[in-house]
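Please treat every number below as a calculation from the coordinates, not as lab data. Keep in mind the model is a prediction, meaning the values are calculated, not measured. Note that we place each Cβ from the backbone using ideal geometry, even for glycine, and neighbour counts take in every protein chain shown.
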Amino acid sequence: MVRYLVRRLILLIGVVFIVSIGSFYLLHLLPGDPTAVILGTGDTPANKAKLFAQLGLNKPIWEQYFVWIRNVLRGNLGTSFISQTSVWSVVKAALPIDVEIIVLSQILAFLVAIPLAIRSARRPDGPLDRILGAGSFTLLSIPSFVLIVLLVLFVSIKLGVGHTGPSSYVSLSADWIGNLESLSLPAITLGIGSFVVYYRVLRSDLIATLQEEFITLARSKGISARRIMWRHALRPSAVALCGTAGVNIGGLLASGFIVQYLLSIPGLGYELIESVGLSDYLVVQGIVLVVCVGVILINFGFDLLTNIVDPRIRRE
Amino acid sequence: MTDHPKLLVVKDLRTTFATPSGPLPAVGGVSFELGTNETLGIVGESGSGKTVLSRTIMGLQPRRNVEVTGSVLLKGFEVVGASEKEKRSIWGLEVAMIFQDPMTSLNPVMRIGKQIDEILRVRQGMDRRAAKARAVELLELVGIPSPAERYGVFPRELSGGMRQRVVIATALAGSPQLLMADEPTTGLDVTIQAQILNLLDSVKEQMKMSVVLVTHDLGVVATRTSRIIVMYAGRIVEIGSTREVFRRHRMPYTRALLDAIPKVSNPSHSRLVAIPGRPPNLLDLPTGCAFAPRCAYATDICRVQRPRLEPAEESGHAFACWNPLPVAEGALT
Amino acid sequence: MSSSLIVHEMVEEAHDRPARKKKLGVLFWICVGWLVLNFIGAIFANVLPLEDPLFQNYAVVNAGPSLHHLFGTDDLGRDIFARIVFGSRVSIEASLGSMLIGFGIGAPLGMLSAYRRGKFDSVVTAVMYVLLAFPAIIATIAVLSFWTPRSLLKIIIVVGVASIPLVYRVIRGATLNYSTRDFVVAAKVQGATDRRILMKELLPNVAPVGVSFLLIGIATVVTLEGALAFLGLSVNPPTPSWGNMINESISILQTNPWLAVFPSLAMCLFLLCLNFIGDRLRSHFEVSEGKI
């Protein structure tokens, strides 16, 4: 157990280190004089000098990295020369929105996937199972950005409900009902994508579990079918299901980016796309670093969780 | 109910599975009775239908693609044709089951104590503390050391023998009158097997239960059962008191099973006896005796007409064979 | 063992023959046909009687479907049908190109790793393990946004490289499954060369897993191109691509929904066929999803 933890931790540190180098090096992918590209319209001698100092551009590249990483560790991701704001403040304002959308979407996905998977597994190849099987398979082939376009098209425009106009986002502190309403469409879109995965994983998992001998033993105790399903059959799948959720977090974030952009919700994705469009590379770099490290940490957490919580894995 | 002297009465029980290749008669007309505080052994090769029989008696057969006819009266309760809900009333409290493989018959993600006292809390409405106390008692009864600490462990942390003890404790929790043990020692080390069988014996006495012991190993049932059923191809081919079946068996198949038991008295390095041929294809049973293709004594009639169960000298002893072995006192010594 | 499994084994034993393979079915071939049609369209787009996908006809802006413009026109009067056919080129080139890189490097490495084992295997696996811990999608977006000017070739390179560790893991796992089996040992004992064992004994067995994963990979890249288009990281407009078209449709969703519907439909149908073919092949070759 301790050995496992140490090995995972070393891997984690190694990967975060490599990610930091990669993020740092991104600026050097820019063709020509990076300062000119980064400064864009604000390319004045004064700004240029400031940027040189900020990035330590006159020093050798490995020293530049240490200057940069020291700043990052202090929470200083640099200052955008285009919007004149600190990158960290942009990230800090946007990140909670992403977290909220993802949490909402996962709640929705689980709330729908679990009962439906249970019903399907109770009668495999029954009418409900067949319909859900075909439906989920079709949904599997619809990317989230197509889904959101179709949702906006049919729900908002045809039915005239929901907030879809630009800057319809309402902050949580201002009005929580309005906030939920403005985030409902992105949460539903991401939720549908996750639902398909969870439903299919859980359904086949449950069908396999219900064949197990311990289910027959539970039946032979004379306890109700409902209790067998929830207490005995669902539990072994729960850990695996959480694992699936953890693995999907990267794709989920990326889908969230596009959905935010389409609905003008000022999350990380919106800021990222705006910054790419404006060539505001320092902001892009900051967001990439934060998101990458975040995804790695979440994956690490879920990995640890599934390995420690699962009683089927022997602990030495 | 009390006027019926027998705990279990099985009459012409048939279990037929609908398979893509046609109907498969896993159990093809079995009748027997079982009294209280009695131990019955059901013996046969794998595929002889003994496991399906034990599950059909409990009503635990798969719910789909299966047809059950005949009658199983358990303390006056008709199991055949009862709904799952009706059967739930006897499951656990009147009849309980132990399974072959303790590695798969316990829920891997549930603490063992919870699996034992589940029936107490759900079926008998015991509160959490009382149920836990009883579960610890049961763990002690089945011989698990430091039971209070073991209450909270997961199955993964126990050895195979310990797990089978836990399974037995689970079955005993509802104080059933009948315990169906389906190959309870097959998945275990030889040294553990005897311990588990002795444990079954002792809890049977303590709890005044009847036990049906299903096994492929006649050696297992020799000293622990009062009566034996020998099954072949879904049918009873010999039934009788353990003593009679061992000493004066008439069916060649029973003899073959007995010969297959390695004996300590044999000289070392002597060849192990195996039954020649393969178990029959249940989808395509011969018209005559199902054992005929493998039987050294088979004659023409064996191949065209199925023998019925005929009574032997001693009452309760019966066999199905056209060419029974001569009565030889002490065939197995 | 549960009773239904017991019955299953009884039947299997009784018949003494391998389980029958599931048939592929008519739908499978319809899907294959649709993909082939897409490929033909992409290859021969230049010689097909299509309108110029870049020609802006201001006389018919945002027109609905008609005989003249099968799927209508966009806000610049360009023919949507022609743009979809030409746009499929980007999706197909990007997916085939990147999978060529991913499989070209990942598959041989994976097979060698699993066959050789030892130091080579542990080193390569360790490196791939670190790469796998990377959030591939985010990394792809990051590199593509800095690596200017953008082009299809750069997309192919970045996505292809990002897919190497995934391909490696799948192929290594599948090879490992077979490399210790008796038929491989038997071939070794008979003195077959490593090259021969890899090509003749292992490759045919690993291929079904590889093909299944290739289909999943293609579907992923087609989706990714769409996502990149929204981020402004796909091929530069006015070059049509499915992603670009859907992205362009957003601003005029209310006035011209057809511009969103048809490219979306083209992309989803393409993905649906890929997924369906992969699913059928997996059950046909009894590849469990866990192996992929």
Mean residue ellipticity (222 nm) of the protein assembly as shown, computed from DSSP H runs ≥ 4 via -39,500 (n - 2.57), nearest 500: -18000 deg cm²/dmol
If R0 = 56 Å, then A:N71 and C:K200, at their Cβ-Cβ distance, give a FRET efficiency to the nearest 0.05 of 0.45
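Which whole number in µm²/s is D for the range C:3-284 by Stokes-Einstein, with the Kirkwood Rh taken over Cα pairs at 25 °C and 0.890 mPa s?
For these conditions, the coefficient is 114 µm²/s.
Using the beta-carbon distance between B:T287 and B:A82 and R0 = 30 Å, what value does 1/(1 + (r/R0)^6) give for FRET efficiency, to the nearest 0.05? Spell out each step's value before the answer.
Working: r = 34 Å, r/R0 = 1.13.
Given R0 = 30 Å and the Cβ-Cβ separation, E is 0.30.
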Could you work out the relative contact order of chain C, using alpha carbon pairs under 8 angstrom and six or more residues apart, expressed as a whole percent? 24 percent
Residue order, fewest to most surrounding Cβ atoms within 10 angstrom, among B:W91, C:W29, C:W34: C:W29, C:W34, B:W91
Need one number: convex hull volume per residue for the protein assembly as shown, Cα atoms only, in Å³. 233 Å³
At 0.36 nm per residue, and after removing the present C-alpha to C-alpha distance, how many nm does the segment from A:R8 to A:R119 gain when stretched out fully? 36.2 nm
Selection from C:I141, C:M245, C:I197 lying farthest towards where the dipole of chain C points positive, charges on Cβ: C:I197
The range B:101-175: relative contact order in percent, alpha carbon pairs under 8 Å with at least 6 residues between: 47 percent
Taking the Cβ-Cβ separation of A:R130 and A:R227 as r and a Förster radius of 22 Å, what is the calculated FRET efficiency to the nearest 0.05? 0.20
Roughly what angle does helix A:176-210 make with the longest principal axis of chain A, taking Cα atoms, 0 to 90 degrees, to the nearest 10? 50 degrees
Return C:R116, B:R306 ranked ascending by Cβ neighbour count within 10 Å, so the fewest neighbours appear first. C:R116, B:R306
Inter-label distance, nm, simple model (7 Å from Cα along the C-beta direction), B:D300/C:R150: 9.1 nm
From other protein chains only, count the Cβ atoms within 10 Å of every residue's Cβ in C:255-263, then give the mean. 2
Could you name the lysines in cross-link range of B:K208, using Cα to Cα under 17 Å and dropping any fewer than eight places away on the same chain? B:K6, B:K75
Which residue fluctuates most in the GNM of chain B (Cα springs below 10 Å): B:I228, B:I261, B:I112? B:I261
Between C:Y115, C:Y129, C:Y168, where does the largest GNM mean-square fluctuation fall for chain C, given springs only between Cα atoms within less than 10 Å? C:Y129
Given chain A, longest segment not containing exposed loop trypsin sites (Lys or Arg not before Pro) (DSSP; at most 13 other Cβ within 10 Å): A:75-311
Counting only pairs 8 or more places apart or on different chains, how many lysine pairs in chain A have C-alpha atoms closer than 27 Å? 4
Please check: in the Gaussian network model of chain A (C-alpha springs, under 10 Å), which one of A:D129, A:D175, A:D98 has the largest mean-square fluctuation. A:D175
Among A:H232, C:H68, B:H317, B:H249, rank each residue by its count of other Cβ atoms within 10 Å, from fewest to most, as a rough exposure measure. C:H68, B:H317, A:H232, B:H249
List the relative contact order of chain A as a percent without decimals, with contacts defined as Cα pairs under 8 Å and 6+ residues apart. 25 percent
PRE zone check, label point 7 Å out along Cα-to-Cβ of A:L29, amide N under 18 Å, scope the range C:218-253, hits C:221, C:224-236
